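> One structure coming up, written as structure tokens, with questions to follow.
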Amino acid sequence: MEYNFKEIEKKWKKYWEENHIYKVETDKSKPKYYVLDMFPYPSGAGLHVGHPLGYIASDIYARYKRLQGFNVLHPMGYDSYGLPAEQYAIQTGQHPEVTTINNINRYRQQLDKIGFCFDWDREVRTCDPKYYKWTQWAFIKMFKSYFNTELKKARPIEELVKIISEKGTENIPAHCTEEIKVSADEWNQMSKKEKNQLLMNYRIAYLGETLVNWCPKLGTVLANDEVSEGISLRGGYPVEQKLMKQWCLRVSAYAERLLNGLDTIDWTESIKETQRNWIGRSEGAEMIFPLAGKNEGMKIFTTRADTIFGVTFMVLAPESEYVEKVVTSSQKDEVEKYLDQVKHRTERERIADRKVTGVFTGSNAINPVTGKEIPIYISDYVLAGYGTGAIMAVPAHDSRDYAFAKHFNLPIIPLIEGCDVSEESFDAKDGIMMNSSNEKLQLNGLKVKEAIAKTKVFISEAGIGKVKVNYRLRDAIFSRQRYWGEPFPVFYDEDGQPQVLEENELPLELPKIDQFKPTETGEPPLGRAKNWKAKNGQPLELCTMPGFAGSSAYYLRYMDPHNDEALVSKEADEYWRNVDVYVGGTEHATGHLIYSRFWNKFLYDYGYVCEPEPFKKLINQGMIQGRSNFVYRIKDTNKFVSLNLKKDYDVTPIHVDVNIVSNDILDTEKFKLWRPEFKDAEFVLEDGKYVCGYAVEKMSKSMFNVVNPDDVVDNYGADTLRLYEMFLGPIEQSKPWDTNGIDGVNRFLKKLWYQFYKGDQFIITDEKASPEALKSLHKLIKKVTGDIETFSYNTSVSAFMICVNELSAMKCHSKEIYQELIVLLTPFAPHISEELWHAMGNESTVCDAKWPKWNEEYLKESKVTYAVSFNGKTRFTIEVDADMPREELEKEALANPIAQKWMEGKTPRKIIVVPKKIINVVI
RNA sequence: GCCCGGAUGGUGGAAUGGUAGACACGAAGGACUUAAAAUCCUUUGGCCAUUGCGGCUGUGUGGGUUCAAGCCCCACUCCGGGUACCA
């Protein structure tokens with residue numbers, strides 16, 4: 001019998017589906033295990049060979065855990081709201097829902113071909129009202145909450161209202177956008193509208209006027225992680241800073257917990273480091289600099305309090321609220337000119353053109369330690385969003401301040417012994433302090449680190465400032481001026497103040513509209529919806545939620561996907577708890593993986609979930625790049641020259657479809673049919689073949705290097721695809737896709753198959769397994785078990801090849817061996833495993849088999865080979881009895897004639913025998 | 001600039017400080033075949049010897065630690081990724 005993968009795979013897929021093999025239920029008699037993939041956004045291009053890399057890896061792990069007796073949750077769904085479907089709708093008028101469903105169906109077809117063990121009964125789609133009901137529900141909860149800075153958790157807003165009505169807002173334990181002082185009396189006399197406005201300052205989901213990344217081309221606001229270097233990640237359009245009223249999530253309140261939580265989870269150091277940088281904790285001091293001639297101060301943040309004696313000027317961000325207060329009438333015109341100029345620069349221009357710019361405000365501040373007056377400037381190198389939007393400038397020890405001081409000719413005072421500041425600043429936090437003592441504070445002679453500590457103590461004691469921890473992490477901007485997203489469960493009351501709907505009004509369904517552009521008046525597309533009003537007739541919010549809204553809690557919904565009463569029932573949550581292994585790309589490090597953790601922590605605060613972290617272990621799969629092929633056309637002809645002959649000609653390289661190239665050899669007949677202009681192509685061959693050039697590039701349609709998994713499955717079968725993708729190299733490594741080695745794994749499967757069948761005869765027998773065969777098998781069990789645990793699948797695949805080669809050489813056809821081998825292979829190649837499993841007479845599915853354990857007894861050697869080295873260099877090997885005592889072993893080694901040669905008659909100084917089976921003789 | 005990775009044959013890649021290059025691809029030669037495909041066998045880091053068993057050399061560069069370094073330490077070069085006027 002031939003290894004007919006097409007029939008086999010079809011047969012078992014049907015069997016698995018009809019018998020609901022992969023259906024999972026809560027089962028308290030078994031330990032749970034939750035293996036999750038980052039669900040895909042169903043794009044129009046379909047699945048390419050890069051997607052399944054992670055899915056196969058997680059599928060192997062899920063199947064392995066199941067074989068080990070765990071109750072494994074391994075679901076899949078679709079992140080189905082997003083910009084591309086909406087952009088497509090604007091261009092073609094096709095409703096995004098239609099596009100999305102088509103794409104989902106295509107994805108499903110492609111996924112089904114690969115033989116994953118997903119429980120499709122648990123599928124979620126973020127655009128399904130039954131699903132986004134719970135996205136809206138969480139938003140309402142966030143709106144009705146504030147973050148208590150003493151308890152460090154979310155609490156109902158009513159508790160805060162009570163505190164304010166009793167004590168006012170001074171020193172209240174609530175995370176806020178800005179500090180606002182309101183006494184209890186003032187609060188109690190406020191109107192409903194005023195109270196609502198004030199509470200916005202504290203809510204976890206709040207409407208705030210903030211600087212946002214506005215992308216005019218996309219007509220929407222973007223989050224920080226959706227923008228890179230002033231360019232939108234989707235579409236690549238310029239982004240500008242704009243002050244707008246937007247829904248925000250108070251993620252910054254959770255900065256400390258998000259940071260500390262990283263120490264409790266098993267993620268790669270590199271991605272934890274990325275998150276740490278993104279959260280950006282910096283310990284420093286907040287200091288007040290009095291304004292000259294005024295009874296007011298200016299608050300700044302610094303991590304270098306020790307450099308206070310070197311402060312020669314102050315700088316404000318252009319958007320700083322202090323600007324108004326310090327600009328003098330004489331400088332007013334110039335400042336306004338500057339602010340105007342800054343405003344009209346896009347983020348990108350600002351980054352590209354990093355010239356020193358700035359303007360003097362006319363006012364001075366007083367250095368609180370030295371008492372000296374120093375000028376206050378405005379410059380866009382100071383960011384409004386970080387710290388207090390104002391800095392003390394120390395040109396000698398900060399490169400940006402240095403550049404500014406040089407440009408405006410401001411004094412530079414060096415503070416560290418021996419540093420040279422004639423050409424550049426000395427930024428390192430290292431050295432001995434000088435020029436830094438007066439009657440108030442003495443830092444001279446101290447090391448920088450000591451000086452920082454001493455200054456911090458001094459400023460809090462002297463009442464000049466306080467020690468402060470600052471985070472770079474900003475609140476998430478949660479509004480998008482788009483149609484294809486979750487509607488906010490929000491309406492605007494008679495005061496124009498936002499109010500949330502009642503929970504029993506959810507889901508608030510996205511209305512159907514027929515045009516997807518913003519309205520003529522510039523409102524978001526939802527402005528076109530008829531009767532977009534709450535039950536009470538008041539207008540509903542026109543913005544929708546961003547992409548990360550729906551993906552922030554989907555892992556919880558999989559636990560209990562059909563529950564209409566709760567996001568997840570307590571019972572389901574307490575059983576499944578959190579994700580044991582999460583597989584996905586690193587590109588979500590500062591987006592989804594932060595938002596999900598935030599969202600989970602918020603739900604945790606109220607006890608809706610029982611684990612503080614959503615993803616215990618994270619595996620990052622690398623990207624699969626494209627491998628493009630080129631043909632070389634001789635200029636002005638229709639003649640193509642093979643790679644190694646092209647140097648003799650003047651040629652133009654042309655991208656050629658990789659699907660008509662095999663191992664860099666062009667199929668010339670297919671090439672002629674590929675495009676009409678190549679119909680009459682002629683070739684200059686080498687050794688009768690046309691060899692193509694290649695390059696590693698991004699996988700894209702325009703480079704003709706996209707490989708669909710379907711094509712590979714059609715040619716080689718799903719099992720070969722699965723094995724090959726794992727064999728390609730370590731899972732976390734990025735690599736170009738090429739099929740050069742795929743024949744190898746395909747041959748392996750065939751070889752295995754022919755251990756079972758000779759001609760039409762089934763040749764597995766009940767004969768007893770030989771010790772060699774048992775040893776080979778148990779070596780494999782040990783290796784594969786260890787490898788799967790560490791996700792080293794590539795070496796596992798090699799181990800299978802070695803084992804089958806050994807068994808084949810032994811002519812072993814013992815059922816005893818293959819029963820266990822097939823179970824081991826099941827996670828990697830489930831179809832062929834199922835087929836051979838049944839061929840051996842097993843009734844039930846191999847998915848319910850038991851993962852074998854290895855027996856060290858079988859692995860024991862009677863004879864052992866030692867490598868004998870002289871001064872560390874191995875010269876020969878000897879084979880001895882495994883239990884030979886050390887002295888005899890040394891004698892045996894030295895008795896060898898080759899040993900005599902290397903010793904040159906000398907006596908060894910030392911002989912080292914290592915458990916690794918090495919004898920090193922030091923002469 | 002800062003942070004994190006990485007560098008091993010023609011290629012993808014193996015090597016808890018202990019015989020570097022497992023396994024696979026490709027290539028070369030051979031067997032079977034009228035032929036091709038498929039399959040099987042042999043060789044395959046480089047250099048030298050190959051009527052000698054073998055020898056030398058070799059993991060980006062230069063040092064160091066060690067009986068022993070691809071692996072550890074120091075300095076450097078190059079490549080990849082993340083991030084940035086973050087005070």
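> Once the dipole of chain A is set up with Lys and Arg at +1 and Asp and Glu at -1 on Cβ about the Cα centre, which of A:Gly431, A:Ser399, A:Val326 lies farthest towards its positive end?
A:Gly431
> What lysines sit close enough to A:Lys517 to cross-link, taking a C-alpha to C-alpha distance under 22 Å and skipping anything fewer than 8 places away on the same chain?
Filter leaves A:Lys217, A:Lys242, A:Lys245, A:Lys530, A:Lys533.
> What does the extension gain come out to for A:Glu7 and A:Ala695, with contour length at 0.36 nm per residue minus their alpha carbon separation?
244.1 nm
> While we're here: May I ask you to derive the relative contact order of the stretch A:514-592, considering only C-alpha pairs under 8 Å and at least 6 residues apart, and to give it as an integer percent?
Numbers: 45 pairs, mean separation 14.0, N = 79.
Over the stretch A:514-592, the number comes to 18 percent.
> Where both residues lie in the stretch A:469-627, what percent of DSSP beta bridges are antiparallel, nearest 5? Please list the in-between numbers first.
Values: 7 of 12 bridges.
Restricted to the stretch A:469-627, the bridges split so that about 60 percent are antiparallel.
> Starting from the Cα of A:Lys901, draw a straight line to each of the lysines and keep only those under 28 Å, dropping any in the same chain fewer than 8 residues away.
Those lysines meeting the cut-off are A:Lys863, A:Lys873, A:Lys891, A:Lys910, A:Lys916, A:Lys917.
> Have a look at chain A and give its Rg and Dmax from the Cα atoms, expressed in angstrom.
Reported Rg and Dmax, both Å: 34.4, 105.
> Distance from the Cα centre of the stretch A:115-175 to that of the stretch A:282-346, in angstrom?
36 Å
> Taking a temperature of 25 °C and a viscosity of 0.890 mPa s, what whole-number D in µm²/s does Stokes-Einstein yield for the stretch A:624-682 with Rh from Kirkwood over alpha carbon pairs? All intermediate terms of the calculation are to be shown ahead of the outcome.
Numbers: Rh = 11.9 Å.
Taking Rh from Cα pairs, D becomes 206 µm²/s.
> Further question: Net charge around A:Met142, counting only other residues with Cβ within less than 11 Å of its Cβ (Lys, Arg = +1; Asp, Glu = -1)? Present the calculation step by step, with values, prior to reporting the outcome.
On the way: positive: A:Lys141, A:Lys144, A:Arg203, A:Arg250; negative: A:Asp605.
Net charge around A:Met142: +3.
> Among A:Val661, A:Val651, A:Val467, what is the fewest-to-most ranking by other Cβ atoms within 10 Å? Please list the in-between numbers first.
Details: A:Val661 26, A:Val651 19, A:Val467 14.
Ranked by crowding around the Cβ, least crowded first: A:Val467, A:Val651, A:Val661.
> So, in Å, what gap is there between the alpha-carbon centers of the stretch A:352-390 and the stretch A:13-76?
Comparing the Cα centres of the stretch A:352-390 and the stretch A:13-76, I get a distance of 56 Å.
> Just report the Cα centroid separation between the stretch A:83-106 and the stretch A:867-905, whole Å.
73 Å
> Can you tell me the orientation of helix A:399-408 relative to chain A, as the angle in degrees between its alpha-carbon axis and the longest Cα principal axis, to the nearest 10?
40 degrees
> Now a separate question. Which value in deg cm²/dmol, rounded to the nearest 500, describes the helix-derived mean residue ellipticity at 222 nm for chain A, given -39,500 (n - 2.57) per DSSP H run of n ≥ 4 and division by the residue count?
-10000 deg cm²/dmol
> Here's a follow-up. What size of dipole, in debye to the nearest 20, comes out for the stretch A:1-99 about its Cα centre when the only charges are +1 on Lys and Arg C-beta atoms and -1 on Asp and Glu C-beta atoms?
Details: 12 positive and 12 negative charges, 111 e Å.
For the stretch A:1-99, the charge dipole is close to 540 debye.
> Turning to a different aspect of this structure: Output the 0 to 90 degree angle, nearest 10, between the alpha-carbon long axis of helix A:718-727 and the longest principal axis computed from the alpha carbons of chain A.
Result, in degrees: 70.
> With θ set to phi - 60° and the Karplus curve 6.51 cos²θ - 1.76 cosθ + 1.60, what are the ³J(HN,Hα) couplings of the stretch A:27-42 in order, to the nearest whole Hz, using x for Gly and Pro?
Each residue of the stretch A:27-42 in turn: 9, 6, 7, 10, x, 8, 8, 10, 10, 10, 9, 5, 5, x, 8, x Hz.
> Could you pull out every residue, at least 5 positions away or on a different chain, whose amide H is within less than 5 Å of the one on A:Tyr78? Hs are placed 1.01 Å off N in the peptide plane, and Pro or chain starts have none.
Long-range HN contacts for A:Tyr78: A:Val124, A:Arg125, A:Thr126.
> Now for a separate question. I'd like to compare A:907-914, A:392-399: which one has the highest average count of other Cβ atoms within 10 Å, and what's the full order after that?
On the way: A:907-914: 11.9, A:392-399: 23.2.
Packing proxy ranking, top to bottom: A:392-399, A:907-914.
> Can you give me the relative contact order of chain A as a percent, contacts being Cα pairs under 8 Å and 6 or more apart? Provide the component values of the computation, followed by the final result.
Working: 1669 pairs, mean separation 119.4, N = 923.
Computed value for chain A: 13 percent relative contact order.
> For A:Lys447, which lysines qualify as cross-link partners when the Cα separation must be under 24 Å and same-chain residues fewer than eight apart are set aside?
List returned: A:Lys429, A:Lys456, A:Lys466, A:Lys468.
> Which value, in debye to the nearest 20, gives the size of the charge dipole of chain A about its Cα centre, when Lys and Arg are +1 and Asp and Glu are -1 at the Cβ?
Numbers: 120 positive and 133 negative charges, 197 e Å.
Here chain A has a charge dipole of around 940 debye.
Each value in this text was obtained by applying a stated rule to the coordinates, not by laboratory testing. Keep in mind that what you see is a predicted model, and the values were worked out from it rather than measured. Quick reminder, even Gly has a Cβ in these numbers, built from the backbone with ideal geometry, and neighbours come from all protein chains shown.
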